[in-house]
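Everything below concerns the one structure shown next.
Quick note: the coordinates plus some simple rules give every number you see, no bench work behind them. Predicted, not measured: the structure shown is a model, and the values here were computed from it. Because the Cβ atoms are built from the backbone with ideal geometry, glycine has one as well, and the counts that use them run over all protein chains shown.
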Amino acid sequence: MKITLVRHAETMFNENNKIQGSSNIKLSDKGVRNVLKLRDKIKDEHYDICLMSPLSRCVETAFLLVGDRVLTQVDERLLERGMGNLEGKDFSCYDKYKYWNYDINSSEEEVESVKELIDRARLFLDSIKKEYKDKSVLVVSHSAMIRAIILLINNVPLEGELYDKCEKIPNCYIGEFEI
């Protein structure tokens, strides 16, 4: 199975360095321009299905990428990590090493714990491996969920600090994996 992971394009929260979490923020003009550039890069790729987070920034990204040429489906498991009381605050409030430490497993400020996030990613991966075996799946989601999926695909040991054990996931990130 081929899985292509795409992070949604920029929103005004991204551009202003604010934490989004489950806030439902639309794409900015810059985000729309960048996803259209990405669309040109993947226009000849074949996908059997596009699964996406229900948040508008992912839905917009998915439809701008594939329009009606690919079956699209919302999947709640692809939601961004719940950021609790940090949503809407400046990103400097977020300690990535605390919130991505598997041993600490912090849920301070009502942030979804890393173990809960990874469990959700595992459930998603296990499900699509069965349902879409031998298919090509496009997934449009968020940085934390994509990071969790990549950690699982790469069989990274789930211990200690995990943030730096995965590549950077900028807006409009695209990564392809055979699983």
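Entry remark, the stretch 121-179: residues being under 25 Å from M83 (Cα atoms), of a type in the set (A, V, I, L, M) and either part of a helix (DSSP H, G or I) or touching a Gly at 6+ places or on another chain (Cβ under 6 Å) (or both) number 12 in total.
Would you say I42 is in contact with a helix residue (DSSP H, G or I) (Cβ under 8 Å, 6 or more places away or on another chain), of a type in the set (V, I, T), within 23 Å of I153 (Cβ to Cβ) and surrounded by fewer than 22 Cβ atoms within 10 Å (Cβ to Cβ)? Yes: the conditions hold for I42. For the stretch 39-56, the set of residues classified as in contact (Cβ under 8 Å) with a residue 60 or more places away in the chain and in contact with a Lys or Arg (Cβ under 8 Å, 6 or more places away or on another chain) consists of D48, I49, listed by residue number.
Could you say whether any residue in the stretch 69-91 is within 18 Å of K2 (Cα to Cα), assigned to a helix (DSSP H, G or I), touching a residue at least 24 places away in the same chain (Cβ under 8 Å) and of a type outside the set (F, W, Y)? So far as the stretch 69-91 goes, yes, one or more of its residues are within 18 Å of K2 (Cα to Cα), assigned to a helix (DSSP H, G or I), touching a residue at least 24 places away in the same chain (Cβ under 8 Å) and of a type outside the set (F, W, Y). Pull up the stretch 101-126, narrow it to residues that are out of contact with any Lys or Arg (no Cβ under 6 Å at 6 or more places or on another chain) and under 16 Å from F177 (Cβ atoms), then point me to the one that is surrounded by the most Cβ atoms within 10 Å (Cβ to Cβ). Filtering the stretch 101-126 for residues that are out of contact with any Lys or Arg (no Cβ under 6 Å at 6 or more places or on another chain) and under 16 Å from F177 (Cβ atoms), the one surrounded by the most Cβ atoms within 10 Å (Cβ to Cβ) comes out as A121. Taken over the stretch 10-53, the residue count meeting the criterion of being on the phi > 0 side of the Ramachandran plot and either of a type outside the set (S, T, N, Q) or assigned to a helix (DSSP H, G or I) (or both) is 1.
State whether one or more residues within the stretch 72-89 are closer than 24 Å to E176 by Cα, loosely packed, with under 13 Cβ neighbours inside 10 Å and out of contact with any Asp or Glu (no Cβ under 9 Å at 6 or more places or on another chain). Yes - at least one qualifying residue is present in the stretch 72-89. Could you check how many residues of the stretch 15-36 are without any contact (Cβ under 8 Å) to a residue 12 or more places away in the chain and either within 23 Å of G175 (Cα to Cα) or aliphatic (A, V, I, L, M) (or both)? Within the stretch 15-36, residues that are without any contact (Cβ under 8 Å) to a residue 12 or more places away in the chain and either within 23 Å of G175 (Cα to Cα) or aliphatic (A, V, I, L, M) (or both) number 1. Taken across the stretch 61-68, residues that are surrounded by fewer than 21 Cβ atoms within 10 Å (Cβ to Cβ), in contact (Cβ under 8 Å) with a residue 12 or more places away in the chain and either within 25 Å of K129 (Cα to Cα) or charged (D, E, K, R) (or both) do not occur at all.
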